[in-house]
Amino acid sequence: MFDNNLIQEISKNLLKAEDTGIPVVKLSKKYKDITIFDSYKIQEEVVRLKTTRGEKIIGKKIGLTSKGIQNQFGVYEPDYGILTDKGLLKNNQELDISKLNQPKIEAEIVFILKEDLLGPVVTPWNVISATEGIMPALEVVDTRFNDWKIKIFDTVADSASYARIVVGDKMTKIDDIDLSLLGMTSYKNGKLEFTAAGAEVMGNPINSVVWLANKMIELGQPLKKGEVILSGSLTPLMGISSGDYIQVKFDRIGSVSLNIS
């Protein structure tokens, strides 16, 4: 395990890379003995540094939700990251990517919690009853490392590559919606890029929230009322450049868009 001094040093370097857009060397390359435990400790310290300077935690994100990506990273379960308000954007807002490194976009469904998820074991029914509603979302992911050829140790330490989140204007109750069948289309500059359904996320996005809720109970940090939960990407990563206009349309729950500058 890394000692506290090394964790603090790495965390400061990662935060600086996030602030400036200037990447650092991948942890998996620099530290051959790094563990997942070390990576989560680094993530925790980066979040502590952010809150110390005034950022507020607004929720969590779930990554690595597809079997294909898990196989690529050599892991058997998803990972998670912490969302802060610095990355929260309004629907159809403009995003300046000049200080991002290699940003990409994912289309997701966000859950807004109206109750704590305390367990002892959280089920899909618990998630449904604890959810105020769902909204369409775009997540802008970015790596603070040299390129996207990263390993699980890198992405976990890097808050699961979280950079920005954009949510739509409409909240929808989930009681009568089968999220596994919920369809969506994504567009870049008016051109269709991807189509997908909610089943792309662990069979149903509710399942990914169940996983996260139980993982956080295991860690003694259960999900709380008011948290925003990004449930995982329905689509592959979409590259973005200055001047792009991104729009995602979901069946029944609305749309969300972002201007890139």
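Matching residues to (1) farther than 23 Å from A197 by Cβ; (2) part of a loop (DSSP other than H, G, I, E, B); (3) without any contact (Cβ under 8 Å) to a residue 24 or more places away in the chain:
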residue: V209; (1), (2), (3): no, no, no
residue: M216; (1), (2), (3): yes, no, no
residue: Q221; (1), (2), (3): yes, yes, yes
residue: G226; (1), (2), (3): yes, yes, no
residue: S231; (1), (2), (3): no, no, no
residue: V248; (1), (2), (3): no, no, no
residue: R252; (1), (2), (3): no, yes, no
residue: L258; (1), (2), (3): no, no, no
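Anything in the stretch 9-42 that is polar (S, T, N, Q) and touching a Leu at 6+ places or on another chain (Cβ under 9 Å)? List them, or say none. Before the answer, list the steps.
Just the residues of the stretch 9-42 that are polar (S, T, N, Q), to begin with: 11, 13, 20, 28, 35, 39.
Matches in the stretch 9-42: S11, S39.
Within the stretch 102-197, considering only strands (runs of 3 or more DSSP E) that don't extend past its boundaries, which have at least 3 residues that are among the polar types (S, T, N, Q) and over 15 Å from L83 (Cβ atoms)? Answer list for the stretch 102-197: none.
Within the stretch 128-153, residues that are under 21 Å from M184 (Cβ atoms) have Cβ atoms under 8 Å from residues that are of a type in the set (D, E) and modelled with pLDDT under 95 in these pairs: I128/D175; L138/E106; E139/E106; V141/E106, counting only partners at least 6 apart in sequence or on another chain. Summed over the stretch 236-246, the residues that are closer than 16 Å to V166 by Cα and part of a loop (DSSP other than H, G, I, E, B) give a count of 3.
Based on what the data block shows, is F37 among the hydrophobic types (A, V, I, L, M, F, W, C) and loosely packed, with under 13 Cβ neighbours inside 10 Å? Here the answer is yes, as F37 does meet what is asked. Taking the stretch 223-250 as the range and being among the small types (G, A, S) and surrounded by 20 or more Cβ atoms within 10 Å (Cβ to Cβ) as the test, the residues that pass are S231, G232, S233.
Considering only the stretch 177-207, how many residues are aliphatic (A, V, I, L, M) and without any contact (Cβ under 8 Å) to a residue 60 or more places away in the chain?
Going through the stretch 177-207, the residues aliphatic (A, V, I, L, M) turn out to be 177, 179, 181-182, 184, 192, 196-197, 199, 201-202, 206.
Imposing the further condition that a residue be without any contact (Cβ under 8 Å) to a residue 60 or more places away in the chain reduces the set to 181, 192, 197, 199.
Qualifying residue count, the stretch 177-207: 4.
Of everything in the stretch 117-169 that's more than 13 Å from the chain's Cα centre (by Cα) and of a type in the set (S, T, N, Q), which residue is nearest to D38 (Cα to Cα)? My answer is N146. Within the stretch 1-49, the set of residues being farther than 15 Å from F145 by Cα and not in a helix (DSSP H, G or I) comprises M1, F2, D3, K32, D33, I34, T35. Looking only at the stretch 170-180, decide whether some residue is at pLDDT below 95, in contact with a Gly (Cβ under 8 Å, 6 or more places away or on another chain) and of a type in the set (D, E, K, R). Within the stretch 170-180, one or more residues are at pLDDT below 95, in contact with a Gly (Cβ under 8 Å, 6 or more places away or on another chain) and of a type in the set (D, E, K, R). Restricting attention to the stretch 197-222, the residues being crowded, with 19+ Cβ neighbours inside 10 Å and closer than 13 Å to S233 by Cβ number 6.
The values are calculated or read from the model by the stated rules, or taken from the named source; none is laboratory data. Computed from a predicted structure; not experimentally measured. Cβ coordinates were reconstructed from backbone atoms using ideal geometry, including for glycine residues, and neighbour counts include every protein chain displayed.
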